[in-house]
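Here the structure comes first, spelled out in structure tokens, and everything after it is commentary.
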Amino acid sequence: MQNMKDIKRRIESVENTQQITRAMKMVAAAKLRNSQDRAEEVRPFFNKTREVLADISRFSGDAQDHPLVQKREGEKTLYIAISGDRGLCGAYNSRINKKLSLEIENKEQEKVMAVGGKVRNFARKNGYNIISEYIDLEDYPDFDFARRIGSEVISLFRQEIVDRINLIYTYFNSAISQETRMITLLPVSLPEGYDEEKEQVDYIYEPSPADILDRVLPRYINNLLYSALLESKASEFGARMTSMDSATDNAEEMIEDLTLKYNRARQAEITKEITEIVGGAEALK
């Protein structure tokens with residue numbers, strides 16, 4: 001049995017750890033709220049971009065012939081995987097790594113763009129072909145960062161270095177529920193149809209739908225990347241908040257268990273001392 005001094009030291013250590021996990025939970029909760037607000041702010045602009053694309057694809061016969069829309073028969077695929085730079089967020093990073101490993105079958109033909117230190121390290125460890133990497137991400141990525149990634153992937157696709165680009169990220173449902181998703185970024189799949197419940201607007205395009213498409217499609221890709229970055233960051237903060245909450249609760253249980261052991265050891269020590277006193281008194285008779 002551990003002595004009282006060792007148990008006391010362990011209790012103090014767990015209490016210090018509990019203070020850290022409680023503080024990390026509060027920080028993650030504050031950052032989560034900010035990330036959710038940013039994700040909600042960008043949705044109207046993204047939805048309007050999809051509406052314009054749907055209108056162009058419906059009334060313009062040239063939409064399907066655009067270089068960013070045309071499908072190719074090649075097998076050269078690029079996977080953009082978004083993870084975090086730090087751990088202590090449950091299974092958030094491991095789910096992205098697992099999804100990437102399940103998708104990659106040919107390391108020669110398939111490439112990886114790592115967005116986040118954890119997925120970068122995983123790709124390096126497994127010998128994946130990393131075409132570029134972005135690490136040390138900000139807590140609140142801005143649109144310029146998404147546009148920088150978008151410019152690179154559009155260039156890779158136009159130069160036919162890759163035939164297909166898939167985006168792997170984590171979709172935020174709630175603080176306790178995040179979902180790993182993969183969508184095709186390029187070639188662009190044009191939206192079809194309209195929402196019948198919404199009032200429709202007839203657009204007049206100047207100089208032409210094809211010219212507008214040249215401007216809208218890159219913005220649409222940037223919007224997808226920006227939304228995925230915001231969703232991933234919100235998911236990371238939600239996962240970290242949940243993980244730290246569980247760690248705080250576990251620390252509380254450990255403290256209770258160690259306190260019980262400490263009281264038992266203290267009682268045993270008292271009983272031992274009483275027994276020795278009584279034994280000594282009997283020996284003096």
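All of the numbers you see were taken from the coordinates with simple rules; none came from a lab. This is a predicted model, so every value here is computed, not measured. Using ideal geometry, Cβ is built from the backbone for each residue, glycine included, and neighbour counts are taken over all protein chains shown.
Before moving on, here are some points about what is shown:
- Amide hydrogen neighbours beyond the local backbone of residue 83, cut-off 5 Å, H modeled: 115, 116, 119
- Inter-site label distance for residue 161 and residue 139 at 7 Å from Cα along Cβ, in nm: 3.4
- Along its principal axes, segment 62-108 has C-alpha extents of 49, 24, 13 angstrom, given from the largest down.
- Whichever lysines have a C-alpha closer than 26 Å to that of residue 76, once near sequence neighbours (fewer than 8 apart) are set aside: 98, 99, 107, 111, 118, 125
- If you take the Cα centroid of segment 125-177 and the Cα centroid of segment 92-110, the two points sit 14 Å apart.
- Hydrodynamic radius of the chain per Kirkwood, over alpha carbon pairs, in Å: 22.6
- Legend: translational diffusion of segment 66-188 by Stokes-Einstein, Rh = Kirkwood radius over C-alpha pairs, 10 °C, 1.306 mPa s; D = 106 µm²/s.
- Take every Cα pair under 8 Å whose residues are at least 6 apart in sequence, average their separation, divide by the length of the chain, and the relative contact order is 32 percent.
- Simple spin-label estimate for residue 8 and residue 42 gives 5.4 nm between the two label positions (7 Å along the Cα-to-Cβ direction from each Cα).
- Antiparallel bridges, percent of DSSP beta bridges restricted to the chain (to nearest 5): 40
- Around the amide H of residue 111, modelled in the peptide plane, lie the amide H atoms of 77, 78, 79, all under 5 Å away and 5 or more residues distant in sequence or on another chain.
- Ratio of Rg to Rh for segment 208-254: 1.49 [Cα atoms; Kirkwood radius as inverse mean 1/r over pairs].
- Range in the chain, longest, excluding exposed GluC sites (Glu not before Pro) [loop by DSSP; at most 14 other beta-carbon atoms within 10 Å]: 200-285
- Estimated [θ] at 222 nm from DSSP helical runs (n ≥ 4, -39500 (n - 2.57)) normalised by residues in the chain, nearest 500: -21500 deg cm²/dmol
- Within a straight-line Cα-Cα reach of under 22 Å, residue 8 can be paired with the following lysines, leaving aside sequence neighbours fewer than 8 residues apart in one chain: 261, 272.
- Over segment 77-134: Rg over Rh, Cα atoms, Kirkwood Rh: 0.94
- Efficiency of FRET between residue 20 and residue 102 - r from beta-carbon atoms, R0 30 angstrom, step 0.05: 0.30
- Modelled label positions at residue 211 and residue 283, each set 7 Å beyond Cα in the direction of Cβ, lie 10.8 nm from each other.
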